[in-house]
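Each value in this text was obtained by applying a stated rule to the coordinates, not by laboratory testing. Small disclaimer: the values here were computed from a predicted structure and weren't measured. Methodologically, a virtual Cβ is constructed for each residue, glycine included, from the backbone with ideal geometry; neighbour enumeration extends over all protein chains shown.
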Amino acid sequence: MTQFIIRRTFYALISLFILSVTIFAIVRLTGDPVTMLAEPGARAEDLDRLRAEWGLDRSWPVQYLTFAKNVFTGDLGKSFNYQMPVSTLYFQRLPASLQLALAATFISFIIGIPAGLISAVKVNSAWDNAGKVVALFGLAVPGFWLGLVMILIFSVWLGWLPTSGQGGILHLIMPSVALGWYFAASLLRLTRSSMLEVMRSEYIKLARLKGLPGYVVIAVHAFKNALIPVLTLAGINLVVMINAGVIIEVIFAWPGIGRLLYEGIFQRDFPLVQGVVIQAGIMIVLINLTIDILYAYIDPRIRLAK
Amino acid sequence: MTALLEVRDLQAHYVSFGGERVVKAVEGVSFTLEEGETLGVVGESGCGKTTTCQAIVNLLPPPGRIVGGSIAFAGEELTRKSQREMRHIRGAQIAMILQDPMASLNPLFSIYRQVSEPAYYHRALRGRGLRERVRELLNAVRIPSPAMRMREYPHQMSGGMRQRIVGAIALAGGPRLIIADEPTTNLDVTIQAQYLDLLKELQDKTGVAIIFITHNLGIVARMCDKLAVMYAGKIVEAGTVRELFNAPRHPYTKALLGSMPKLGSKEKLLAIPGHPPDLATLPPGCAFHPRCPEALPTCATAEPPEIQVIGSWSARCWRAEPQEISATDATTDSAKDIHAAAAVGD
């Protein structure tokens, strides 16, 4: 088990290295940030001074090494625009994003998993067809469009829910549905196909032949096996929702990380974009690592492998 | 005394495309099995062997359905039972051993959990009594240090061990009938023999009846009292193993015996020419006639009736005749028949 964790951690570090190089290069392709942030009509020597202050006058490899070294020591750099450490900004915004993501995960779970389960158990029935329609809509209807339609119906026409911003539970309903919608559909499809595959297996046949009650066969023998891929997807979904709910957060003026990133990109705020992306990368890698360990906990084949 | 299992005129079909395609997987199968007896069911792949057994436990995969006949188990009619009622029969009265030991155990549950389930649900054993039972069962199937092994998981076991554990699961509910669907097909040859010996020993100890589905006649010779040969959804010949091996009446039985290798024999193995028919579009008359070396003109037009040869021995063939009293003649005759079949096969 220890060996397993060490190996996974090593892979995780490699992924982060590749990510950091990529994002470092990509933000620098967007143009010169100094012209965006300096006052209009600033003199050339002032711009140069600003570049020197932000370290943009040095060569890319030198800049990268400084960036990488700082990340290792836990310093994500200082935002050009906010004049504040990126990690402070990130953690200021994290609770809002986390709240939204957890709510959306909850929604995707209570829709996706039971619906997928029923679709699989009652395969080719009316239930299954209803599930297929839900999945199709979930994947085809973009969250931002759904968000706008919901704002129109529930806020503008009916006046039941607030249009935007963070506040009580009412503020959370529409953004979490809009964000969780797509993930509910993907969980539904995965749960269904995973269940169907497991239900066809010999060991489920044997479980029935043992004369076990139907719910034990489905809910214990089959579902536990079917849950393995579903759990991975759910974990990755959560991290994606925290860090990439960009459009939903912008639509609902939700003060989360997605909106922070959106602002950073428009301002060519290199440290902010790099920092948020690396932070997201670290979280995705950490969650994946946790899921791998959880997997090992559920599945003895992984747990006990050398 | 009623027989343990009495199957009468069983018909099980797979109906698809809204009734346009009907696969008559089992079409009028009858046999009886007494307590403690072993019946071998042989035939090529797709002849309805497995479907027959799935019908007995009422677990035909959709769109399969029992469309006719009766299955009486210990005097009770199984075809009229609901799934809920059948649940108390499966595992408790009738257990099954499946073909693939690598796939028939759930990878996520311990051996203890999987072996204990039938005893838990059918014999209401709990706690220490249950643990004791599992240990006994694992001991009976020769799992070394069962107390330790039962905490392990399927992936930690070899194929042979897993199949023995499947055997332990089959015994766990204390069944009166075990249906073994090609239980040794996926095992190494050396382990096959061990496994068969083990089953035989367990049968002697518990008095359980066994239906052995196989296409290995060697296994039938070693394990079974009675033999039923299936072709295209029907039992074409049935009788005791001795009768059928000595003097098969149906050309298909002869052909199967002719395709069995014999140790030390230099005789050429005989393949049966052609393929088994599509069960949705059977040829008219006897289903075997296109491949039959002894076919008569009638065979292509009329289906042969079941001819009682002697006692419980019957054959569905126009050439089969009730046996005269002197059994020795029949034996030499059929030996000639086999050579005749061999000549045609060459």
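Key figures for this structure:
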read-out: Distance between modelled label sites at residue B:303 and residue A:193, nm, 7 Å Cα→Cβ extension; value: 4.3
read-out: Lysine pairs within chain A, Cα separation less than 30 Å, 8 or more sequence positions apart or different chains; value: 10
read-out: Percent of Cα-Cα distances greater than 44 Å, calculated over the protein assembly as shown; value: 44
read-out: The stretch B:219-275 - Rg over Rh from alpha carbon coordinates, Kirkwood radius; value: 0.97
read-out: Which of A:84, A:199 has the fewest Cβ neighbours within 10 Å, and the rest in rising order; value: A:84, A:199
read-out: Förster radius 51 Å - calculated FRET efficiency between residue A:70 and residue B:268 (Cβ-Cβ, nearest 0.05); value: 0.05
read-out: Environment charge of residue B:67, counting only residues whose C-beta is closer than 15 Å and scoring Lys/Arg +1, Asp/Glu -1; value: +4
read-out: Estimated FRET transfer efficiency (residue B:81, residue A:161; beta-carbon r; R0 51 Å; 0.05); value: 0.40
read-out: Length gained when the stretch residue A:123-residue A:58 is fully extended (0.36 nm per residue, less Cα-Cα span); value: 17.2 nm
read-out: Virtual spin-label span in nm between residue A:170 and residue B:222, 7 Å along Cα→Cβ; value: 7.8
read-out: Dimensions (Å) - the stretch A:86-266, Cα atoms, principal axes, largest first; value: 60, 40, 26
read-out: Helix runs (DSSP H) in chain A reaching 30 Å along axis by Cα, Kyte-Doolittle at least 0.5; value: A:2-28, A:86-121, A:169-199, A:270-298
read-out: Total formal charge among the other residues, if their Cβ is under 10 angstrom from that of residue A:259, Lys/Arg +1 and Asp/Glu -1; value: -1
read-out: Rg/Rg_ref, the stretch B:5-224, where Rg_ref = 2.2 N^0.38 Å and atoms are Cα; value: 1.02
read-out: Distance histogram in 5 Å bins (all Cα pairs of the stretch A:19-142, percent per bin); value: 2, 8, 11, 14, 11, 9, 8, 8, 8, 8, 6, 4, 2, 1, 0
read-out: Over the stretch B:5-224, relative contact order from alpha-carbon pairs under 8 Å, at least 6 apart, %; value: 26
read-out: Label point distance in nm, residue B:194-residue A:18, each placed 7 Å from Cα along Cα→Cβ; value: 4.5
read-out: Shielding by partners, peptide A:209-219 (average Cβ within 10 angstrom, other chains); value: 6
read-out: Footprinting exposure proxy for B:234, A:205 (fewest neighbouring C-beta atoms within 10 Å first); value: A:205, B:234
read-out: Förster radius 51 Å - calculated FRET efficiency between residue B:145 and residue A:132 (Cβ-Cβ, nearest 0.05); value: 0.50
read-out: Dipole magnitude of chain A about its Cα centre (Cβ charges: Lys, Arg +1; Asp, Glu -1), debye to nearest 20; value: 1380
read-out: Fewest-first sequence of A:132, B:254 by Cβ atoms within 10 Å of each Cβ; value: A:132, B:254
read-out: Karplus-derived 3J(HN,Hα), 6.51/-1.76/1.60, for each residue of the stretch A:210-218, Hz, glycine and proline x; value: 6, x, 6, x, x, 5, 5, 4, 7
read-out: Over 18 Å [Cα-Cα, the stretch B:103-242], rounded percent; value: 58
read-out: Charge context of residue B:198, other residues only, Cβ under 14 angstrom, K/R +1, D/E -1; value: +3
read-out: Kyte-Doolittle mean at least -1.0, axial Cα span of 15 Å or more - DSSP H helices of chain B; value: B:111-122, B:127-140, B:159-172, B:189-206, B:327-345
